[in-house]
1. Wholly within the stretch 260-334, which strands (runs of 3 or more DSSP E) include no fewer than the required count, namely at least 1 residues that are away from the ligand (no atom under 16 Å from the Cβ) and of a type in the set (Gly, Ala, Ser)?
2. Working only within the stretch 335-361, note down all residues that are without any contact (Cβ under 8 Å) to a residue 60 or more places away in the chain, of a type outside the set (D, E, K, R), under 19 Å from Gly8 (Cβ atoms) and outside any strand (DSSP E or B).
3. Please state which one of Val108, Val88, Val71 is touching a residue at least 12 places away in the same chain (Cβ under 8 Å), more than 24 Å from Ser21 (Cβ to Cβ), β-branched (Val, Ile, Thr) and surrounded by 18 or more Cβ atoms within 10 Å (Cβ to Cβ).
4. Is there a residue being at pLDDT 95 or above, closer than 19 Å to Val377 by Cα and among the acidic types (Asp, Glu) anywhere in the stretch 257-278?
5. Quick check on my filter: what residues within the stretch 20-52 are within 24 Å of Thr174 (Cβ to Cβ), among the hydroxyl-bearing types (Ser, Thr, Tyr) and more than 14 Å from the ligand (Cβ to nearest atom)?
6. Can you tell me how many residues in the stretch 211-223 are in a loop (DSSP other than H, G, I, E, B) and surrounded by fewer than 18 Cβ atoms within 10 Å (Cβ to Cβ)?
7. Tell me, please, whether a residue that is within 15 Å of the ligand (Cβ to nearest atom), within 25 Å of Leu112 (Cβ to Cβ) and not charged (D, E, K, R) can be found in the stretch 190-203.
8. Just checking, does the stretch 400-417 include any residue being away from the ligand (no atom under 16 Å from the Cβ), over 23 Å from the mean Cα position of the chain (by Cα), over 23 Å from Met91 (Cα atoms) and of a type in the set (Val, Ile, Thr)?
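The values are calculated or read from the model by the stated rules, or taken from the named source; none is laboratory data. What you are looking at is a predicted structure, and each value in this text was computed from that prediction instead of being measured. Using ideal geometry, Cβ is built from the backbone for each residue, glycine included, and neighbour counts are taken over all protein chains shown.
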Amino acid sequence: MDKIVIYGGKKLKGEVVISGSKNSTLPIMFAALLTDEPVTITNVPSLIDVDTTIAFLNFVGKKTVKEGSIVKIYSSCKYKHVAPYDLVRKMRASILVMGPLLARLSKVDVPLPGGCAIGARPVDIHLDAFKKLGVEILVESGYLKTFVKNELKGTTINFKFPSVGATENVLLATVLIKGKTTIVNAACEPEVEDLASVLNKMGAKVTGAGTNRIVIEGVDTLHGFSHEVIPDRIEAATYIIAAAITKGEVVLKKVISHHLKAVSDKLKKSGLCIKEREDTIFVKWVGNLKSQNISTGVYPGFPTDVQAQWMVLMCLLEGKSRVKEEVFENRFLHVAELKRLGANISMDGKFVNIEGVKKFSGAPVMISDLRAGAALVLAGLVADGKTTISRVYHLDRGYDMFESKLKKLGADIKRIHSL
Ligand code: EPZ
C-alpha cells in the first residue's frame, strides 16, 4: 500500500490549478443513464471515485471512456437493474444510480451503501422520497430491492434535512416522470446546481436549484449533453489552508471564488490576506493569524468537508478555539492522529476544543477518511522532521494529483509505492 512521506518546514509558493469537482462529477455521470444519446463531460478530475463510477456505468450498460479530463459515455446495451456490491461498498455516491434507473426501468436493486467512515450515513431521506413518488422498497439480504408498482408520479417532498445526495437522487428520479415534483428543504450546494444545469441542458425542466425549494416538471425524454464540471471548492479550500499553515503565498487558478465565501471570510477574519477575482484567488500569509471558532453547516455555511483541514490550522495558532461539527455525527476521526503529531485537542460530543501549540513533530500517521487525510498532509507540511502517512488510497478518492501539485508549490513530499 502506498505511503506519503513529507519533510515539514517548506513555505508553499506559486500557482496551483484547481481540478473539477468530485462531488459535481459523480452525479453528472449518473445523469448519463437518463439518456441513450452520447454524453461528454469535461474538466473531470482523475480520482478513484471517478474510476469507480466509470466501472459502475459500464456494468449497468453504458460504454464509458476517460481520456485525460474528458469522459465520454455511450449507450451500449440494455441496462441492468442490479448494482454490483463490490462497487457500491467502495463509494456511497453509488446510491445515485437509484434515481435514474427507477425513472428508466421502474426498478433497481442496490446493496446498502458504503463510502467514507464518517458516521452511520443512513439513506432514509432518499428512501422516504422514493416511497412518496410511488416506489416499493424491500430490504433483502443486504440489498435494497426497489420497484414501481403502478407508476412514478410527481409530488411534494419535504426533507427533514437538506441532504445533498437525496436532493440529487430525487432530481435524477423525477425529471422523466409525469407531473410536478417540489423538493422542500432541498440542499443548496453548488454541486446540486451544477447537476440541475446539466439536466436542463438535456431538456429537463428544473427550477430553483441552489435554493431550498426546487421544482421539477417531468418531460418525456432527455437528450445527450456536453458539460464542463465546476471547480472543486473543497480542493481549493484545502490549498488556501495549506498556504496559510505554511506561511506561504499561493495563487489558485480555475476556481469559482464565491463558492468558497464561508471559508475565505473566516480566514480573512483570522488575518490571512486573500484577494478574489472571478476565477482566481490570491492568498498570502502576512503575519500571525488569530484563531477562530467554526461551526460546520450546509451550504452556504462552513463546509463540513473543510472541517478537518481547518482544525489543523487552528492547532498551530496561539490560544483556544472550538470546532463544532453539525452535519455528520462522527467526523473527528482525524483528532487521534493529530494528537500523535503533538496537537492539544479534546473532544466533547459535537465539539472539539483546541489549545494552540507551537509546533508539530513528524510521526507515522494513518488516514481514516478522505478529508482527514488532507488534514494529515497539511499537518505534515509544517511538522518538524519526517511524517509518514499510510492508507493514502483515501486521498486518491478525492484529490487529483495531490502530491505533484504540492511538490510544485515547494513542499518536500513524495509517494512511496509498495504492493
Ligand atoms: C455529500 O455527501 C458529499 N459527497 C460529502 O462529501 C459531503 O460531506 C456531504 O454531501 C455534505 O455536504 C458527495 O457529494 C459525493 P448528505 P452525502 O446526504 O450526500 C444525513 C467528501 O469528502 N443523512 O448531505 O452523503 C447524513 O448521515 C464527501 O467529498 C441522513 O440522515 O451527504 C449526514 O449526517 C464526504 N439520511 C447528513 O445527512 C439520508 O438519507 C448530510 O448528508 C441522507 C443523509
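1. In the stretch 260-334, the matching strands (runs of 3 or more DSSP E) lie at 320-324.
2. Hits for the stretch 335-361 are Leu338, Leu341, Gly342, Ala343, Val357.
3. Only one candidate qualifies: Val108.
4. Checked the stretch 257-278: no residue is at pLDDT 95 or above, closer than 19 Å to Val377 by Cα and among the acidic types (Asp, Glu).
5. Scanning the stretch 20-52 gives a single hit, Thr35.
6. Adding up the residues that qualify gives 5.
7. Within the stretch 190-203 (the criterion being within 15 Å of the ligand (Cβ to nearest atom), within 25 Å of Leu112 (Cβ to Cβ) and not charged (D, E, K, R)), the answer is yes, since at least one residue qualifies.
8. Yes; the residues of the stretch 400-417 include at least one that is away from the ligand (no atom under 16 Å from the Cβ), over 23 Å from the mean Cα position of the chain (by Cα), over 23 Å from Met91 (Cα atoms) and of a type in the set (Val, Ile, Thr).
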